[in-house]
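The structure under discussion appears below in the form of structure tokens.
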Amino acid sequence: MERKNRGLCRVLLISVWVILCGFLSVAGEVKIASPDGHYQMNVYDREGKVYYTVDYKDRPVILESLLGIGNGAASDWVDGLEIDTVAGKFVDTTWTPVYGERNLYVDMYREYVIDIRKKSDAGKRIQVTVRACNEGIAFRYGFAGNEYLHVTREFTQYTLPEGTLAYFTPRAQAKYDLLPLKNWPGESERPLLLRVPQGSGVAGKELYVLLTEAGMVDYARTKFVLEQDKPNTVTGVMYGAVDEIAPFSTPWRVIMAAEKAGELIENNFLLLNLNDPCEIKDTGWIRPGKVMREMTLSTEGGKALVDFAVKRNLQYIHFDAGWYGPEGSKLSDATRVSLDPARNKNPDALDLQEVLRYAKSHHIGVILYVNQRALYRQLDTILPLYKSWGVSGIKFGFVQVGSHFWTKWLHEAVRKCAAYGLLVDIHDEYRPTGFSRTCPNLLTQEGIYGNEEFPDATDNVTLPFTRFTQGAGDYTICYYRRKWDEDTQPDRAHGLVNARFLKTTPAHQLAMAVVYYSPLQYLYWYDKPSESRDEPELEFFDRVPTVWDDTRVLHGEAGEYITVARRSGDEWYVGTMTNCDARKLKIPLDFLPEGRRYGAKIFFDSGNDSTRTRVGIKTFPVTSRSVIDCDLQPSGGQAILIEPVKEDTSPKRRRTPANSKMTKK
């Protein structure tokens, strides 16, 4: 479980008037600053309403915007309000995750609880809790007492400067379009990445702003829509009502800003910080790793995949939909093997217990796919059963997302899996909001327009700055399904009709294993072991970890390109991806420690190498002063493995020149 660093932990409670901690309160107004002073938030009341603004590095990010929440028509907290009291504290601590994009997270913030009352009834109160962090601003609404709640809407607005553009996507598994804050075709999924223009007379480049939420585990999902009565204004619309009993708090509403888009990725641990600490006492069984799907649903195929996993340093194999019958049928029983004839017409093809035994003997874990239809009916039955079988984890399929009921059910299901030592991967529309800190057995989730949809490279280099700012994403990396694969045929059983092929290069896919963070990283999604010819570049997939000690975004622009460097121990892995355009980049290695020598192995799209993948490999020595030239093909990429040079510590023997004689003194 998480371990607090007591030496660095410092929690200081402050009174409402202590200005030195970045807080100032005057009648009806609260001024708040992040510890580094980069974020400034003002909360104030005027004419019975409560508003806020946010600046980042002295530039307006959120202009005057409304705060408020609806708790039934008679109890809406939007009119007749005034700020009453404020209490605050300063927190400076660190925590060690079970796994992550770093091995240590800083959690430093100033928190203020702003008590708001109804002018007509001073006994009615609501709290707005604000956390001002160096990574962003977060706030949420809280209800005290024990009243019954029927939350129907949030009135929270986000008014952006004129000319702001948004990366709009209607759902979690869809493409992005860069649109102005006008005439949207509907709701936009979380997070919402925005590009704020420089503005007249303002120094510096445009800003990137991210609107999202954290801690959404007992609430209804919100998406973003345009406010009809206020220009350049976004608001959140709830999927449905939330029925609860106070005391109760909403999820955190989060505003992040950055001068470089990559900073949003580096600071995404803010969402983890806004969730409860790890509640699993013994986390030793939680093992991140790489996984491959078994395509044939057969004993022979399962064993062959185990052998391939051992050979290629994968930690898990996965049996997908169809192993217990048609996944969409309520009659399918996830407690026994009963093959879906659409996936395998031989009903006796799969002896799952034999594959589990074989996998265990080779130290390979097995993950089973279960559709939510079976999960909802059979969860309490299958969890002890799968544990007795020796199953490692479950991939939740086609989960319901949006409503308060299903959101609460889903996160409780993850908790139940933890009680039985089972890992979880949630597929389809679910998007993370930091719950993996609380229940780290939730290793990854989809909610992404991934390789199952055969996207182009432009979509792929938009995802790091949008979807991956929220946390791990199961993109299902592929490798062999390309037009030059003579032995790869469309697979109707898995939706591959009309010969759909990857639209990106092999090195683009290799780089994904670094750029796309997923503690449970699916590789070779549409591939079979028989399709591999042991191409030499597979060494990169063999060696790349799935969790990290450090992460740096070296450069990138949404929809154009990205380079990410990640460290595991003393080794660094660097992934670069471009959009549909060719591109030349320079990659500085100044993240390496000074004075140490390293060897770099570069995997790149060469276009003329002898292997069918046309991936070239070159090696040379590097140091922190080195700069690597990166010549990317259209839709291409590059992957780099950097490891320390082993120093020769053996005693040096003095050489005697040829034809000379040794003389004694």
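The values are calculated or read from the model by the stated rules, or taken from the named source; none is laboratory data. All values derive from a computational prediction rather than experimental measurement. FYI the Cβ positions are ideal-geometry reconstructions off the backbone, even for glycines, and counts take in every protein chain you see.
Overview of results
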quantity	calculated
Residue that is farthest from Ile32 (Cα to Cα), among those in segment 61-107 that are in contact with a Cys (Cβ under 9 Å, 6 or more places away or on another chain) and part of a loop (DSSP other than H, G, I, E, B)	Val98
Hits in segment 415-466 - residues which are aromatic (Phe, Trp, Tyr) and either in a strand (DSSP E or B) or within 15 Å of the chain's Cα centre (by Cα) (or both)	Tyr430, Phe435, Tyr449, Phe465
Residue within segment 205-214 that is in a loop (DSSP other than H, G, I, E, B), in contact (Cβ under 8 Å) with a residue 60 or more places away in the chain and either in the same structural domain as Ser65 (by TED's automatic domain parsing) or more than 18 Å from Phe435 (Cβ to Cβ) (or both) present	no
Enumeration of residues in segment 611-634 that are in contact (Cβ under 8 Å) with a residue 60 or more places away in the chain and over 18 Å from Glu537 (Cα atoms)	Pro634
Hey, Thr93 surrounded by fewer than 20 Cβ atoms within 10 Å (Cβ to Cβ), more than 15 Å from Val113 (Cα to Cα) and assigned by TED's automatic domain parsing to the domain that holds Ala257 or not	yes
Segment 150-193, subset assigned to a strand (DSSP E or B) and in contact with an Asp or Glu (Cβ under 7 Å, 6 or more places away or on another chain), residue nearest to Ala246 (Cα to Cα)	His150
Tabulated pairs, segment 581-598, first at positive phi and among the β-branched types (Val, Ile, Thr), second modelled with pLDDT of 95 or more and assigned to a loop (DSSP other than H, G, I, E, B), C-beta under 7 angstrom, 6+ apart or interchain	none
Boolean, Lys182 is surrounded by fewer than 16 Cβ atoms within 10 Å (Cβ to Cβ) and not aliphatic (A, V, I, L, M)	yes
Within segment 116-128, considering residues that are more than 18 Å from Tyr158 (Cβ to Cβ) and in contact (Cβ under 8 Å) with a residue 60 or more places away in the chain, the one surrounded by the fewest Cβ atoms within 10 Å (Cβ to Cβ)	Lys119
Number of the condition not met by Lys57 [criteria: (1) under 26 Å from Gly163 (Cβ atoms); (2) buried (at least 18 other Cβ atoms within 10 Å of the Cβ)]	(2)
Residues within segment 584-634 that are closer than 19 Å to Tyr479 by Cβ and β-branched (Val, Ile, Thr), tallied	5
Enumeration of residues in segment 219-247 that are at positive phi and of a type in the set (D, E, K, R)	none
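So that you can scan it fast, the table gives a plain yes or no per residue for (1) in contact with a His (Cβ under 9 Å, 6 or more places away or on another chain); (2) surrounded by fewer than 23 Cβ atoms within 10 Å (Cβ to Cβ); (3) closer than 18 Å to Gly471 by Cα:
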site	(1), (2), (3)
Ala513	no, no, yes
Tyr517	no, no, yes
Ser530	no, yes, no
Asp534	no, yes, no
Val553	no, yes, yes
Glu557	no, yes, no
Glu560	no, yes, no
Gly569	no, yes, no
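Yes or no, residue by residue, for (1) touching a helix residue (DSSP H, G or I) at 6+ places or on another chain (Cβ under 6 Å); (2) of a type outside the set (Gly, Ala, Ser); (3) over 18 Å from Trp389 (Cβ atoms):
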residue: Leu297; (1), (2), (3): no, yes, no
residue: Ala304; (1), (2), (3): yes, no, yes
residue: Glu327; (1), (2), (3): no, yes, yes
residue: Asp333; (1), (2), (3): no, yes, no
residue: Arg336; (1), (2), (3): no, yes, no
residue: Lys345; (1), (2), (3): no, yes, yes
